[in-house]
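S.K.: Structure in structure tokens, see below.
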Amino acid sequence: MKIIDNFLQQSELSAFDKLIQDSLDKTGWKTSQDFYKHEIGGSILSSINPFLYEITDTHSDFIIKILKDNNIIESTPNLFVALIQVAQPLASIEWHTDTHSNYDEPGSEDPYNVIGITLYFNKEWNHNWGGFFCNKELKEDTRGVFVQPVYNRLVINDGLEPHAVTPIDRSADNRITIQLFVSRENINKGYLE
């Protein structure tokens, strides 16, 4: 897992803030359960689900350019999914890997051989609100790393390690992130070590 604070420049942050605000009133939002149903059959999402809005068109190209300019990806990805995620109070995400079959059957082949990238957009986040990204090396591990949502923080996980999001307190604001899933072969290998 790699963490980069202050990832975006101010002009990029402003563009993302506008994209997020413009998207909040649009139709097309889905729960995580509905969005991932085709690949996981609902097996990891039994809590309150975050809402997702898929980013397409020129906005995806803008994000890919930022990833290339920052040397996170080496080439245009074969597989690229960009989502705005809004997790409301009491939402959480259970332990899983981004190569979903790998969580239940480590080492198995998976058509979704991706890494996950999270970019946080809450300008203020009280640590008592939860919503922490948690990561551990193996499913059986009883210890790991947690990452607090901090504005403009980028988290890159290798997609193979189990991770989760802790429940968000009922007094919290909505937790807003951009979630990216990028084919592993396009990632700068330095981010997978």
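S.K.: Given a Förster distance of 45 angstrom, what is the FRET efficiency for SER14 paired with TRP95, based on the Cβ-Cβ distance and rounded to 0.05?
M.R.: Working from the Cβ atoms, E equals 0.80.
S.K.: Assuming 1.306 mPa s and 10 °C, estimate D for the chain with Stokes-Einstein, Rh taken as the Kirkwood radius over Cα pairs, in µm²/s.
M.R.: Rounded, D is 94 µm²/s.
S.K.: Enumerate the amide H contacts of ILE48 below 5 Å, restricted to partners 5 or more residues apart or on another chain; note that Pro and chain-start residues carry no placed amide H.
M.R.: Long-range HN contacts for ILE48: SER92.
S.K.: Distance in nm between label sites at THR31 and VAL145, each 7 Å beyond Cα in the beta-carbon direction?
M.R.: Spacing of the two 7 Å Cα→Cβ label points: 3.2 nm.
S.K.: Given the whole protein assembly as supplied and a 1.4 Å probe, what does the accessible area of THR142 come to in Å², nearest 10?
M.R.: Counting only protein heavy atoms, the figure is 130 Å².
S.K.: Follow-up question, since we're still on this one. Probe radius 1.4 Å, ligands and nucleic acids ignored: give me the carbon and sulfur share of the accessible area of the range 113-193 as a rounded percent.
M.R.: 49 percent
S.K.: How much accessible area per residue does the chain have, counting only protein heavy atoms and a probe of 1.4 Å, in square angstrom?
M.R.: 51 Å²
S.K.: A further question on this structure: Show me, for the range 162-176, the HN-Hα J-couplings you get by feeding each phi into the Karplus relation (A = 6.51, B = -1.76, C = 1.60, θ = phi - 60°), rounded to Hz, glycine and proline as x.
M.R.: These are the phi-based 3J(HN,Hα) values: x, 8, 7, 10, 5, x, 8, 4, 5, 8, 7, 6, 4, 8, 10 Hz.
The values are calculated or read from the model by the stated rules, or taken from the named source; none is laboratory data. What you see is a predicted model, and the numbers here were worked out from it, not measured in a lab. Here Cβ is always computed from backbone atoms with ideal geometry, including for glycine, and neighbour counts include all displayed protein chains. Each accessible area value is taken on the protein alone, full model and side chains, heavy atoms only, with ligands, DNA and RNA left out. Shrake-Rupley method; radii C 1.70, N 1.55, O 1.52, S 1.80 Å.
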